[in-house]
1. Are any of the pairs Lys195/Lys282; Lys192/Lys266; Lys75/Lys192; Lys110/Lys282; Lys110/Lys266 more than 28 Å apart by Cα-Cα distance, and if so, which?
2. Putting +1 on Lys and Arg Cβ atoms and -1 on Asp and Glu Cβ atoms, find which of Ile55, Tyr20, Ala41 reaches farthest to the positive end of the dipole of the stretch 20-63.
3. What share of Cα pairs, in percent, lie more than 24 angstrom apart in the stretch 1-118?
4. Output ³J(HN,Hα) for the stretch 22-33: one whole-Hz value per residue in order, computed from phi by the Karplus curve 6.51 cos²θ - 1.76 cosθ + 1.60 with θ = phi - 60°, and x for Gly and Pro.
5. Can you list the HN-Hα couplings for the stretch 262-273, worked out from phi with the Karplus curve (6.51, -1.76, 1.60; θ = phi - 60°), rounded to whole Hz and with x for Gly and Pro?
6. Among 137-145, 78-86, 261-269, what's the highest-first ranking by average C-beta atoms within 10 angstrom per residue?
7. Full-extension gain between Asp312 and Ala33, please, as 0.36 nm times their residue separation minus the C-alpha to C-alpha distance.
8. What is the log10 of I(q)/I(0) for the stretch 60-143, computed with the Debye formula using one identical point scatterer on each Cα and no solvent, at q = 0.24 Å⁻¹?
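Readers should treat all values here as calculations from the given coordinates under stated rules, not as data from a laboratory. These numbers come from a predicted model, not from an experiment. Every residue, glycine as well, gets a Cβ built from its backbone with ideal geometry; the counts of neighbours run over all protein chains shown.
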Amino acid sequence: MNDVVLTGDRPTGPLHLGHYFGSLANRVRLQDAYPMYVLVADYQVITDRDVPGEIQRNITDLLLDYLAVGIDPAKVTIFQHSAVPELNQLLLPFLSLVSVAELRRNPTVKDEIAHSSQQAVSGLMFTYPVHQAADILFCKGTLVPVGKDQLPHLEVTRMVARRFNERYGEVFPLPEAMMGEQSLLKGLDGGKMSKSRGNAIALSATEDETAALIRRARTDSERLITFEEERRPEVANLLTLAGLCLGRPPRDIAEEIGDGGAAALKGLVTEAVNEFLRPIRKRRREHAEADVRRILTEGNGVARERAIATLDEVRAAMGF
Ligand code: ATP
Ligand code: MG
C-alpha cells in the first residue's frame, strides 16, 4: 500500500522542542518519501477555551515555525480545518460510530480537561478525537507522526475506520502512529511540555529567553550530576533536553558535568539548546508573512479537492 502522512498542530501558540522531537523531525524526514498533509487545526483551538484568541497571529507563527524547521511547502500540503468544509462534514457519520462511554474513557481528553481554562467542559472537547479521525481519514492517512499524548486518539481513528468499513464497505485504511525520538518531552515544570502550560522552550525563543527559561528550571541541591529519572526527575529532564539537542546520551553528559552542580548543568543545557536552535532561528528570518498566506491558499485548495473526493465516496458507501 502507498503510505500517506498526516499530522498537525493547534494554532494555540509557538511550537516548542517537544513538537520538534515528538513530531516535526519525523515530518521533515518523511516529506521526501511520502505524500504529506500538515493540518493547522484551527477549529480544535476552541476545544479547551471559549474563543479562538489571536488566531491569525498564531496561524502565521505556526507556519513560520514549520518553515523554520525545514518543512517544505513544495512537498507538503499545509491546510486549515476552517477552509475545508468537507473534512468537517465527515464528523457526522463518524460520530455515529462511537459511544459516549468510549469518548468519556479517553485518557488524553481527561488530562486536557484537567488543564482546561473553560468554565464547563464543552461537547467539542469530548468529540474532538472523532474530529481527528476525520482529519486523518479525509486524506486516507496511514502514517501519523505524533507524540505519546495522541496515541489514545489514534485508537479512536482506527476504531472509526474499522467500524465504518464493517458497516458500509471498505473505504478507509487503518492508520499507524509514528512516534519521534522523544514521544513525551517534559517541560521545565516536569509536566508534558505544552504550548498552553507556560513550561515550554519555543523554537522561536531568543538566546536570552532560552537562557532565562533554563535558569528558572527546578533542580535539586546535590552537586554530583547523575541521570536518575525516578529519583531526580528535574535533573534528568534537563539532561534529556541537552542530550536531544546534542545527539548524545544524557548519561554521558551527566558524567561530563560530574560534580559541577546545577549551575554547570544549566550552563551546558543553555548552550546545547541555543546551538540547536540557531539554524532554526536563522531560517525563520528568511520567510515573510506573505509566503504564509500563499502557502495556505494553495494547500487549502489541494486539501479541499481531496476532502470532496473522500466525502463523495463516504456518501456513496452509505447509500446517500
Ligand atoms: P496545547 O497545549 O495547546 O494542546 P501542545 O503543546 O499539546 O499544545 P498540540 O498542538 O496539541 O501541542 O500537539 C501537536 C503535536 O505535537 C501532537 O502530535 C503532539 O503529540 C505533539 N507534542 C506536543 N507536545 C509534545 C511533547 N511534550 N512531547 C512530544 N510530542 C509532543
Ligand atoms: Mg495538545
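1. Working: Lys195/Lys282 22 Å; Lys192/Lys266 20 Å; Lys75/Lys192 31 Å; Lys110/Lys282 38 Å; Lys110/Lys266 34 Å.
As for pairs spanning more than 28 Å Cα to Cα, those are Lys75/Lys192; Lys110/Lys282; Lys110/Lys266.
2. Tyr20
3. On the way: 2467 of 6903 pairs.
For the stretch 1-118, the share of Cα pairs beyond 24 Å comes to 36 percent.
4. Per-residue couplings from phi come out as x, 8, 4, 4, 5, 4, 4, 5, 7, 5, 7, 9 Hz.
5. Coupling constants for the stretch 262-273: 4, 5, 5, 4, 5, x, 5, 5, 4, 4, 5, 5 Hz.
6. On the way: 137-145: 22.9, 78-86: 20.3, 261-269: 18.3.
So the peptides 137-145, 78-86, 261-269, ranked by packing, come out 137-145, 78-86, 261-269.
7. On the way: separation 279, 0.36 × 279 = 100.44 nm, distance 2.79 nm.
Result: 97.6 nm gained on full extension.
8. -1.17
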